[in-house]
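Notes follow once the structure below has been shown.
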Amino acid sequence: MLAKLRPLEAAHDAEAEAAALEERFGDLDARDLIALSIGRFRPGAIAAVSSFGADSAVLLHMIARIDPALPVLFLETGKHFGETLQYRDALVADFGLRDLRIVAPRPELLAVRDPDGTLHQRDTDGCCDVRKVEPMARAVAPFEAWFTGRKRHQAATRAGLPVFEAVGERIRINPLAKWTTADLAAYMREHQLRENPLVAYGYLSIGCFPCTQPVKEGDDPRAGRWAGQAKTECGIHLSGLDDSLTASSL
């Protein structure tokens with residue numbers, strides 16, 4: 001089937017292209033979506049972003065089976081659980097991923113905005129901006145498109161998540177958007193994938209350790225992120241990323 005798919009004619013803008021891709025291919029199987037997307041964009045123009053979190057192994061395993069040389073971008077915030085970093089390195093070895101790119105905050109920005117590493121205690125948005133949003137903008141800037149592992153079931157704010165969406169002039173692709181917790185668990189079992197060790201302790205969505213807690217029974221998987229706050233996203237998937245991508249500092 002995929003061999004017969006032809007790239008769409010050039011869209012006038014990324015928003016129109018994303019909408020056209022969603023209409024034409026949004027119902028494909030996740031593996032076909034990944035293969036189609038990798039084939040659609042020129043070599044070196046598409047990457048994957050991974051937190052190496054609770055269920056990151058599923059998307060990374062699919063990608064590795066299609067193109068283990070695809071760049072995989074990881075944001076090293078300086079606040080990760082040690083288990084996350086160990087898991088990252090273990091999955092890279094398990095899957096033979098050949099192009100892990102670790103992107104860190106700019107030291108000069110940390111020196112001004114978070115010199116003592118406690119910004120998260122008084123301004124979680126500001127901490128995410130300097131440690132995640134700005135580095136993310138730098139990480140994806142060289143690419144035309146990137147994959148994420150976001151899913152609709154993760155939170156009410158993601159219930160309408162499309163497979164293809166525009167971020168400024170770029171395309172963000174969510175191949176697992178329609179996957180459920182049961183789908184993910186079945187895939188993990190079928191392929192005997194390594195599980196993030198923090199999942200056993202109730203961490204179902206894993207971010208930086210100061211702002212992540214185990215999830216209470218019955219809560220959505222992201223309830224442990226910034227618990228007790230109105231904040232539900234770090235910002236790398238919101239409109240602020242586009243602002244950072246177009247900033248003159250990039």
Pair list, Cβ under 9 Å, 6 or more apart: the range 77-91 residue within 23 Å of R113 (Cβ to Cβ), other residue open to solvent by 20 Å² or more (accessible area, probe 1.4 Å) and among the aliphatic types (A, V, I, L, M): T77/A104; G78/A104; G78/L110
The lone exception for F147 - which of (1) modelled with pLDDT under 95; (2) closer than 21 Å to A20 by Cα it fails: (1)
Residue within the range 104-118 that is at negative phi, buried (at least 19 other Cβ atoms within 10 Å of the Cβ) and under 18 Å from the mean Cα position of the chain (by Cα) present: yes
Answer from A200, A177, A159 - the residue that is of a type outside the set (S, T, Y), out of contact with any helix residue (DSSP H, G or I) (no Cβ under 7 Å at 6 or more places or on another chain) and at pLDDT below 95: A200
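Would you check if T118 is touching a residue at least 24 places away in the same chain (Cβ under 8 Å) and hydroxyl-bearing (S, T, Y)?
In short, no.
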Residue within the range 119-130 that is in contact with a Phe, Trp or Tyr (Cβ under 7 Å, 6 or more places away or on another chain), hydrophobic (A, V, I, L, M, F, W, C) and surrounded by 15 or more Cβ atoms within 10 Å (Cβ to Cβ) present: no
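The values are calculated or read from the model by the stated rules, or taken from the named source; none is laboratory data. Predicted model, so just to flag it, every value in this text is computed and none were measured. Cβ sites come from the backbone with ideal geometry, for glycine too, and all protein chains shown count toward neighbours. Quick note on the areas: whole protein, heavy atoms, side chains included, nothing else; ligands and nucleic acids left out. Shrake-Rupley method; radii C 1.70, N 1.55, O 1.52, S 1.80 Å.
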